[in-house]
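For reference, the structure discussed in these notes is given below.
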Amino acid sequence: MRKMGISLYPDTSSLDEDKRYLELARQYGFSRVFTSLLQLAGDSDADKLDKFKATIAYARELGFDTIVDINPALFSELGISYDDLRFFSELGASGLRLDEGFTGAEEAQMTRNPYGLKIEINMSAGTNYLQSILSYHPQRDSLWGCHNFYPQQYTGLADEYFMAYSQPYRGANLHTAAFVSAPSAHFGPWPISEGLPTMESDRTRPMTTQVTHLLMTGMVDDVIVANAYASEVELAAVAVAFTAAVPSIGVHLITDIEPTERAIVLAGIDGQHLYRGDASAYLLRSTLPRIRYSDAHIPARASRGDFIRGDVLVVNDDYARYKGELQIALCTFPNDGRRNVVGRITAADMVLLDLLEPWMSFALHEA
């Protein structure tokens, strides 16, 4: 089951603040928590661990599953053995994420723990780590993958590496997760506040675009807001994008758009468009609106320069057979006056246009 997640950092926040955030997130359907124990390196202060326990206990009370981030060095410092994970069960966690791994045999053994703890491994390494673990025959239902987040600007994963590093996990049919970054949130596990996305290209995008981007890659089950505390508006935006029946792409409409043109763009057929399967290199075509609007009058607009990638078009009266069809330009080609430019895909959402494929359904919304 796919989940939306938030992140909490009890070592730098108060229990009351965390409780309020958990309560707010629950209202919008969030049900998993990421937290990091890595900051405890060299510091096994019982008071700090008690703060984690109290936060995790309250999260569990509200129905959240908490995954804690850890590495082999911290195992040693806390006196934990990979073959005895009682510590994490007593902490109240539902699983642990290995920011750094062991040799593969240990991870496989950990998936067979008697506490039902999920073992989440780092998807962002880009090595044969997963194959090594699988060779030791882990309990696959307990083996998950989760990408890193990147506090330092310009250090997040490139889109192509995200896809390449994620593919083995998808191929193994493992549950996966990645992170998005809330613009209004101001802290994470480290004293840097430049956003906390998995992919660098998402760092400055709106929340809805970040979430839709991750989901459209087909590589992610769970989406986690990495920094705290996201605003209510941002949590709501994540929930809308995450639960949407189809991906929705933002469009800047022209100021003098006609009502029929607006309806074709935003309403489509039952609120959706279908990318026609016999695809062109020049145009994405949604052809069903031309049936609904076959009797509508769609006058031609004054012609302008060439169409360019991202232009949103409605076929006008001068192309009678195709009148009312919704099209999106995929490259530069001449404008012969038979298609009206009625808007443009937002700059932030152009990446979503890249991920649309023939026979995919999608929606367009006014930015």
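Being more than 30 Å from residue 20 (Cβ to Cβ), without any contact (Cβ under 8 Å) to a residue 24 or more places away in the chain and assigned to a helix (DSSP H, G or I) holds for only one residue in 132, 76, and it is 76.
Which one is nearest to residue 216 (Cα to Cα), of the residues in region 306-341 that are acidic (Asp, Glu) and assigned to a loop (DSSP other than H, G, I, E, B)? So the residue we want is 325. Mind checking which residues of region 20-32 are surrounded by 17 or more Cβ atoms within 10 Å (Cβ to Cβ) and free of Cβ contacts under 8 Å to residues at least 60 places away in the same chain? 22, 31 - these are the residues of region 20-32 that are surrounded by 17 or more Cβ atoms within 10 Å (Cβ to Cβ) and free of Cβ contacts under 8 Å to residues at least 60 places away in the same chain.
Counting just the residues of region 1-19 that are among the charged types (D, E, K, R) and outside any helix (DSSP H, G or I), which one comes out surrounded by the fewest Cβ atoms within 10 Å (Cβ to Cβ)? Spell out how you get there, then give the answer.
Taking region 1-19 and keeping what is among the charged types (D, E, K, R), we get 2-3, 11, 16-19.
When the remaining residues are screened for being outside any helix (DSSP H, G or I), the result is 2-3, 11.
On the way: 2: 14, 3: 17, 11: 19.
Restricting to residues being among the charged types (D, E, K, R) and outside any helix (DSSP H, G or I), the top hit is 2.
Only one of the numbered conditions (1) among the acidic types (Asp, Glu); (2) under 9 Å from the mean Cα position of the chain (by Cα); (3) within 16 Å of residue 150 (Cβ to Cβ) is not met by residue 194, and that is (2). For region 194-207, a tally of residues being surrounded by fewer than 24 Cβ atoms within 10 Å (Cβ to Cβ) and assigned to a helix (DSSP H, G or I) returns 2. Would you mind stating whether residue 54 is in the same structural domain as residue 189 (by TED's automatic domain parsing), in contact with a His (Cβ under 8 Å, 6 or more places away or on another chain) and either within 23 Å of residue 186 (Cα to Cα) or surrounded by 15 or more Cβ atoms within 10 Å (Cβ to Cβ) (or both)? No, not satisfied. A residue that is touching a residue at least 12 places away in the same chain (Cβ under 8 Å), over 23 Å from residue 3 (Cα atoms), surrounded by fewer than 18 Cβ atoms within 10 Å (Cβ to Cβ) and of a type in the set (Asp, Glu) occurs nowhere in region 159-178.
Evaluate region 75-97: report whether one residue or more is more than 24 Å from the chain's Cα centre (by Cα), surrounded by 19 or more Cβ atoms within 10 Å (Cβ to Cβ) and among the hydroxyl-bearing types (Ser, Thr, Tyr). Checking region 75-97: not a single residue is more than 24 Å from the chain's Cα centre (by Cα), surrounded by 19 or more Cβ atoms within 10 Å (Cβ to Cβ) and among the hydroxyl-bearing types (Ser, Thr, Tyr). The lone criterion from (1) among the aliphatic types (A, V, I, L, M); (2) part of a strand (DSSP E or B); (3) surrounded by fewer than 17 Cβ atoms within 10 Å (Cβ to Cβ) left unmet by residue 67 is number (3).
Can you confirm whether residue 96 is in contact with a Ser or Thr (Cβ under 9 Å, 6 or more places away or on another chain) and outside any loop (DSSP other than H, G, I, E, B)?
Working: in contact with a Ser or Thr (Cβ under 9 Å, 6 or more places away or on another chain): no; outside any loop (DSSP other than H, G, I, E, B): yes.
Criteria not met by residue 96.
Quick one: which of 223, 240 is in contact with a strand residue (DSSP E or B) (Cβ under 9 Å, 6 or more places away or on another chain) and in a strand (DSSP E or B)?
223
Of the residues making up region 159-193, those that are over 27 Å from residue 119 (Cβ atoms) and assigned to a loop (DSSP other than H, G, I, E, B) number 8.
Here's the yes/no breakdown for (1) assigned by TED's automatic domain parsing to the domain that holds residue 203; (2) touching a residue at least 12 places away in the same chain (Cβ under 8 Å); (3) buried (at least 17 other Cβ atoms within 10 Å of the Cβ); (4) assigned to a loop (DSSP other than H, G, I, E, B):
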site: 265; (1), (2), (3), (4): no, yes, yes, no
site: 273; (1), (2), (3), (4): no, yes, yes, no
site: 295; (1), (2), (3), (4): no, no, no, yes
site: 302; (1), (2), (3), (4): no, no, no, yes
site: 343; (1), (2), (3), (4): no, yes, yes, no
site: 348; (1), (2), (3), (4): no, yes, yes, yes
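Looking only at residues that are of a type in the set (A, V, I, L, M) and under 18 Å from residue 317 (Cα atoms) in region 334-351, which one is nearest to the chain's Cα centre (by Cα)? Give the derivation first.
First, the residues of region 334-351 that are of a type in the set (A, V, I, L, M): 341-342, 345, 347-348, 350-351.
Filter once more, keeping what is under 18 Å from residue 317 (Cα atoms): 341-342.
Details: 341: 30, 342: 29 Å.
So the residue we want is 342.
The values are calculated or read from the model by the stated rules, or taken from the named source; none is laboratory data. It should be emphasised that the depicted structure is a prediction, and the values quoted were computed from it without experimental measurement. All Cβ positions, even for glycine, are placed from backbone atoms using ideal geometry, and neighbour counts span all protein chains on display.
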